[in-house]
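Asks: Before I ask anything, here is the structure I am working with.
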Amino acid sequence: MKSKEIRDHFLKYFETQGHQKVKSSSLIPAADPTLLFTNAGMVQFKDCFLGHNDLGFHRATTAQKCVRAGGKHNDLENVGFTPRHHTFFEMLGNFSFGDYFKKEAIHFAWDLLTNHFKIPKERLRITVFETDNEAFEIWREQGVKADWIVRLGEKDNFWAMGDTGPCGPCTEIHYDWGEKYGCGKPTCKPGCPCDTRFLEIWNLVFMQYNRDASGKLTPLPKPSVDTGAGLERLSCVLQGVYSNYETDLFIPIIQAISHRVNIPIGKNKNLDISMRVVADHLRSSTFLIADGVTPSNEGRGYVLRRILRRAIRHGKKLGMEQPFIFELVDSVVATLGQVYPEIVKNNKLIETMINEEEEKFHETIHRGMRVIEEAITKTQNDKKSMLSGDVTFKLYDTFGFPVDLIEVIAKEHGLSVELSEFDSLMEKQRQQSSVQHTEYNKALENITKVIEKHHFSTRFVGYDHTHAGGKIVELFNIRGEGIHTLEAQQEGYALFDVTPFYAESGGQVGDHGTIIGKGVEAKVLTTFKLAKQTVHKIKVEKGILENQRPYSQDVDAVARRQTTINHTATHMLHAALRKTLGERVKQAGSLVDANRLRFDFTYPKALTQEELNKIEDLVNFQIEHNLPVTVKEMNYDDAMKAGALAFFDEKYGEKVRLVRVGNDKGDFSVELCGGTHLNQISDIGIIKIISESSVASGVRRIEAITSSKALTLLNERSQSLNEVETLLGSKSQLKEKIEHLVSQVKHLQKENEQLKLKVAQSDLKSTKVETKTEKIHDIQCVLEQIPSGDAKVLRALVDQFRDKLKEKTIVVLASQSEGKVALCVGLTKDLISRYDAGKIVRELAPEVGGSGGGRADFAQAGGTDPNGIPKAFNKFRHWLEANP
């Protein structure tokens, strides 16, 4: 049975059992900062299990995209070496939100596997939680023999959402591959350490308890069911192959890799592993990029970068020294594009991002290899077996080398890596930058727990009002601890039953303003969302703020108005980008405040000035024609049919806000958005793009200003232009006249440099320095202070000495001017294998009160102590004598 048939049959079966078929959510968990990626089918239903959300149905089934490559659930290093581990996989599941429980869940699973998928009952084995007699008896009622059921402990068969909260026992269904795959022991059964004979194919979790902070388990009033069956593993069983990589989900991709690298499958075990790694990582990279993740040095982007770089490393093992992985994206699209159209839609973008990341990493390896090779040589010369942690830290921090790559290279030279020292340096760096951040996160965790425990709900009235009255329902100090009062000059957090303050979300910053009561004044510094509720960060200016008291709330109306203008302008800019550059443009982030707007979007190259002008003109044309803005609440599906754009990092409920800019002649922009917006776009006045830049591989950023700020900028530029006209004495052909002046300045600068060089050469001749050398060991050394000359002059003189003396020569020249020192070191090419000019200049620079660096054949430094020049020369002599 093909994998597509398995997926379709699973979903259809549960639809016939009264389940609502729900499409896969994004790999980026919406409104859940605790997770890097969606790693299980239940993630999108978390609020349903917690009782915070009612979707209108109580049974659901999904085929969910999942990634496990960071944090607690991290399979990255096992991928390719085992038949079962993946970074990307599909989780088939059925869910009950307080509807059916163990009996029905077990029956559904057994019926589907044995009667529909026709898996022989005698090949299936069951595990249950050691004290779950109820599940044991239900399995017996299904006809499962008692000796086919294994009781396991909490580690294997008890599931919890977190340290506290919903939890419960689980039961797993395993497929028995047969005795020849096991360890040979008569006791081999599910849970056996050999982990080769029994394959877990389905896990049924029964959420029936709530665990409090003390560990006490209290039965839930409405127990729920969360199940997960890996499609890759089910495909293995139903296609009769032992490894997931032999299923139709992987074979076409691996065949494409084999063809591209020109290595037959099965020729070499290690090469097969590398092909499997590339195949798996290509799948996860394709889906992550399609869902909006871009390679970066933090968070989700860093995990994607690690995945791609691991694939590139294994590509090098396959003999690929140039980018090639991007060429294989089509093989993933051909395999899964029919099920997940987002990878078809973003095909070119995915290829572009992967190609750019491949090129960057090849360059990174090229730059860093010299450093690591030198460190390895020094370690071996010092007769040590371990590469130092500070070298590893430098490679990681400066060159972007992953630690696992450093370990691999070191291992190839018979060395290990001093990870404890590296970890210590990393921890020191983290501590220096994250103490306050950690305290802030702890405060947010405390507040979130209170919100979830008491089910607080804030009514937002800010779409229509910037003033409201509301009662504080919970008050916290700056550490997130519940308090009764907040005194003058103290900061804390407050929850209100009603608020006009917009909480930061969707790229729009949170409102600020004031809270006033009898004898009390407080500033609202910002507002943000936690557990879907609005949290106000407050500083009391006067009096005492009290919990459970009503207060008058006022949003800073001027800042809100300008932010609203910029938010609507952002929608206009997004639409203009797509109309100008094509629909491959996809929002990758935004920031909207009262001063400006910033918009990140996917696009493979820098925009030309002509394109930026066209985009700006298009938005201003619509502003001039004053298109109306309408905001309407509707069902999500209806909004999608209306052509609305939705974004990966937003979680949408059944009801959504559709923001439309257009008239009866057509729509210019249609997006789902919870932010504040204008009623008519003429209120924007004007938009002016002030910059366009790159923020990541395949991601561009535009910053713009609007309204009065744009007019101010234009007036300032007009004033500057008037001043230039006055200086030039002309109002015409300004560009040509400025270009002529710039050309003249460059010509004069070049002449000046040539004159400086001639003066320096004359000084050398007059003191007969040009033939004066010292010999240390077999090396000719030129050590001279030049009476006049900057770094450029010194460099030219170094080149002349090297050209004249030809070989076995080191030149060290210095000059000083107005208290500043220039120092240059040059080597002839035959000495590069023995010495490094960069290292030499770093040794000498402290003597003149400075620092420097450079290449192996030439380096330079600057300093502030001219009296140290003779000391630098002497230090060089001693250094060279000690390093023949």
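The values are calculated or read from the model by the stated rules, or taken from the named source; none is laboratory data. Everything numeric in this text was worked out from a predicted model, so none of it was measured. We place every Cβ from the backbone using ideal geometry, glycine too, and count neighbours over all the protein chains shown. Accessible surface is based on the protein model in full, side chains and every heavy atom, while ligands, DNA and RNA are left aside. Shrake-Rupley method; radii C 1.70, N 1.55, O 1.52, S 1.80 Å.
Asks: Residues that are touching a strand residue (DSSP E or B) at 6+ places or on another chain (Cβ under 9 Å) and among the hydrophobic types (A, V, I, L, M, F, W, C): does the range 337-344 have at least one?
Replies: Yes: one or more hits.
Asks: Give the number of residues within the range 271-299 that are buried (at least 23 other Cβ atoms within 10 Å of the Cβ) and in a helix (DSSP H, G or I).
Replies: Residues flagged as buried (at least 23 other Cβ atoms within 10 Å of the Cβ) and in a helix (DSSP H, G or I) within the range 271-299 amount to 17.
Asks: Can I ask one more? Just checking, which of Ser26, Ser3 is in contact with an Asp or Glu (Cβ under 7 Å, 6 or more places away or on another chain) and open to solvent by 20 Å² or more (accessible area, probe 1.4 Å)?
Replies: The conditions single out Ser26.
Asks: If Glu327 satisfies all but one of (1) over 19 Å from Pro252 (Cβ atoms); (2) in contact (Cβ under 8 Å) with a residue 60 or more places away in the chain; (3) charged (D, E, K, R), what's the number of the condition it fails?
Replies: Glu327 satisfies all of (1) over 19 Å from Pro252 (Cβ atoms); (2) in contact (Cβ under 8 Å) with a residue 60 or more places away in the chain; (3) charged (D, E, K, R) except (1).
Asks: I need the full set of residues from the range 163-176 which are of a type outside the set (S, T, N, Q) and open to solvent by 30 Å² or more (accessible area, probe 1.4 Å), in order please.
Replies: Asp163
Asks: Out of all the residues in the range 190-212, is one or more acidic (Asp, Glu), in contact (Cβ under 8 Å) with a residue 12 or more places away in the chain and assigned to a loop (DSSP other than H, G, I, E, B)?
Replies: Scanning the range 190-212, I find at least one residue that is acidic (Asp, Glu), in contact (Cβ under 8 Å) with a residue 12 or more places away in the chain and assigned to a loop (DSSP other than H, G, I, E, B), so the answer is yes.
Asks: Give me the pairs, please: first residue somewhere in the range 510-523 and farther than 16 Å from Pro550 by Cβ and open to solvent by 50 Å² or more (accessible area, probe 1.4 Å), second residue anywhere and assigned to a loop (DSSP other than H, G, I, E, B) and of a type outside the set (A, V, I, L, M), beta-carbon distance under 9 Å, and either six or more positions apart or on two chains.
Replies: His512/Phe501; His512/Asp556; Lys523/His512
Asks: Can you name every one of the strands (runs of 3 or more DSSP E) wholly within the range 572-666 that holds 1 or more residues which are touching a residue at least 24 places away in the same chain (Cβ under 8 Å) and of a type in the set (Phe, Trp, Tyr)?
Replies: Qualifying strands (runs of 3 or more DSSP E): 597-602.
Asks: Okay, next question. Would you please name the residue that is most open to solvent (accessible area, probe 1.4 Å), looking only at residues in the range 456-472 that are in contact (Cβ under 8 Å) with a residue 60 or more places away in the chain and part of a strand (DSSP E or B)?
Replies: Only one residue fits best here, namely His467.
Asks: Just one of (1) small (Gly, Ala, Ser); (2) modelled with pLDDT of 85 or more; (3) within 26 Å of the chain's Cα centre (by Cα) trips up Ser416, so point out which.
Replies: (3)
Asks: Which one of these does Leu475 not meet: (1) farther than 25 Å from Gly165 by Cβ; (2) in contact with a Ser or Thr (Cβ under 8 Å, 6 or more places away or on another chain); (3) open to solvent by less than 30 Å² (accessible area, probe 1.4 Å); (4) in a strand (DSSP E or B)?
Replies: (1)
Asks: Anything in the range 259-270 that is open to solvent by 30 Å² or more (accessible area, probe 1.4 Å) and β-branched (Val, Ile, Thr)? List them, or say none.
Replies: Ile265, the sole residue that qualifies.
Asks: If you take just the strands (runs of 3 or more DSSP E) that sit entirely in the range 796-879, which of them hold at least 3 residues that are within 25 Å of Val371 (Cα to Cα) and open to solvent by 10 Å² or more (accessible area, probe 1.4 Å)?
Replies: Per the criteria, 851-854, 858-863.
Asks: Filter the range 676-700 for residues that are open to solvent by less than 20 Å² (accessible area, probe 1.4 Å) and either of a type in the set (S, T, N, Q) or within 26 Å of Leu288 (Cα to Cα) (or both) and give the result.
Replies: Selection gives Thr676, Ala696, Ser697, Gly698, Val699.
Asks: In the range 480-490, is there at least one residue being more than 18 Å from Asp556 (Cβ to Cβ), free of Cβ contacts under 8 Å to residues at least 40 places away in the same chain and under 29 Å from the mean Cα position of the chain (by Cα)?
Replies: yes
Asks: Please note which helices (runs of 4 or more DSSP H) are completely contained in the range 315-405 and include at least 3 residues that are at pLDDT 85 or above, open to solvent by 20 Å² or more (accessible area, probe 1.4 Å) and more than 27 Å from Ser420 (Cα to Cα).
Replies: In the range 315-405, the matching helices (runs of 4 or more DSSP H) lie at 329-336, 341-345, 347-381.
Asks: Under the condition of being open to solvent by 30 Å² or more (accessible area, probe 1.4 Å) and either among the hydrophobic types (A, V, I, L, M, F, W, C) or touching a helix residue (DSSP H, G or I) at 6+ places or on another chain (Cβ under 6 Å) (or both), which residue from the range 524-549 is modelled with the lowest pLDDT?
Replies: Ala531
Asks: Tell me which residues, restricted to the range 566-589, are among the hydroxyl-bearing types (Ser, Thr, Tyr) and open to solvent by 30 Å² or more (accessible area, probe 1.4 Å).
Replies: The one that is among the hydroxyl-bearing types (Ser, Thr, Tyr) and open to solvent by 30 Å² or more (accessible area, probe 1.4 Å): Thr580.
Asks: A further question on this structure: Consider Val237 carefully, then state whether it is in contact (Cβ under 8 Å) with a residue 60 or more places away in the chain, open to solvent by less than 30 Å² (accessible area, probe 1.4 Å) and in a loop (DSSP other than H, G, I, E, B).
Replies: Considered against the rule, which asks whether it is in contact (Cβ under 8 Å) with a residue 60 or more places away in the chain, open to solvent by less than 30 Å² (accessible area, probe 1.4 Å) and in a loop (DSSP other than H, G, I, E, B), Val237 comes out as no.
Asks: So, Ile406, is that one closer than 28 Å to Val695 by Cβ, of a type in the set (Val, Ile, Thr) and in contact with a strand residue (DSSP E or B) (Cβ under 8 Å, 6 or more places away or on another chain) or not?
Replies: yes
Asks: So Val555 ticks every box in (1) in contact with a helix residue (DSSP H, G or I) (Cβ under 7 Å, 6 or more places away or on another chain); (2) of a type outside the set (Ser, Thr, Tyr); (3) crowded, with 21+ Cβ neighbours inside 10 Å; (4) farther than 30 Å from Glu616 by Cα but one. Which box is left unticked?
Replies: For Val555, the failing item is (1).
Asks: Collect the residues in the range 768-801 that are closer than 22 Å to Val821 by Cβ, hydrophobic (A, V, I, L, M, F, W, C) and modelled with pLDDT of 75 or more, keeping them in residue-number order.
Replies: Selection gives Cys781, Val782, Leu783, Ile786, Ala791, Val793, Leu794, Ala796, Leu797, Val798, Phe801.
Asks: Of the residues that sit in the range 95-142 and are basic (Lys, Arg) and touching a residue at least 12 places away in the same chain (Cβ under 8 Å), which one is surrounded by the most Cβ atoms within 10 Å (Cβ to Cβ)?
Replies: Among them, the one singled out is Arg125.
Asks: Taking the residues in the range 251-270 that are assigned to a helix (DSSP H, G or I) and hydrophobic (A, V, I, L, M, F, W, C) as candidates, determine which candidate is farthest from Val695 (Cα to Cα).
Replies: Per the criteria, the residue is Ile251.
Asks: Please specify each residue of the range 667-681 satisfying the condition of being of a type outside the set (Val, Ile, Thr), assigned to a strand (DSSP E or B) and without any contact (Cβ under 8 Å) to a residue 60 or more places away in the chain.
Replies: Once the filter is applied, which keeps residues that are of a type outside the set (Val, Ile, Thr), assigned to a strand (DSSP E or B) and without any contact (Cβ under 8 Å) to a residue 60 or more places away in the chain, the range 667-681 yields Asp667, Leu672, Gln680.
Asks: Any chance you could count how many residues in the range 717-760 are among the hydroxyl-bearing types (Ser, Thr, Tyr) and within 46 Å of the chain's Cα centre (by Cα)?
Replies: 3
Asks: Right, here's the next one. Taking the conditions exactly as written (in contact with a Lys or Arg (Cβ under 7 Å, 6 or more places away or on another chain), farther than 23 Å from Ala109 by Cα and surrounded by 18 or more Cβ atoms within 10 Å (Cβ to Cβ)), does Cys188 satisfy them or not?
Replies: Yes.
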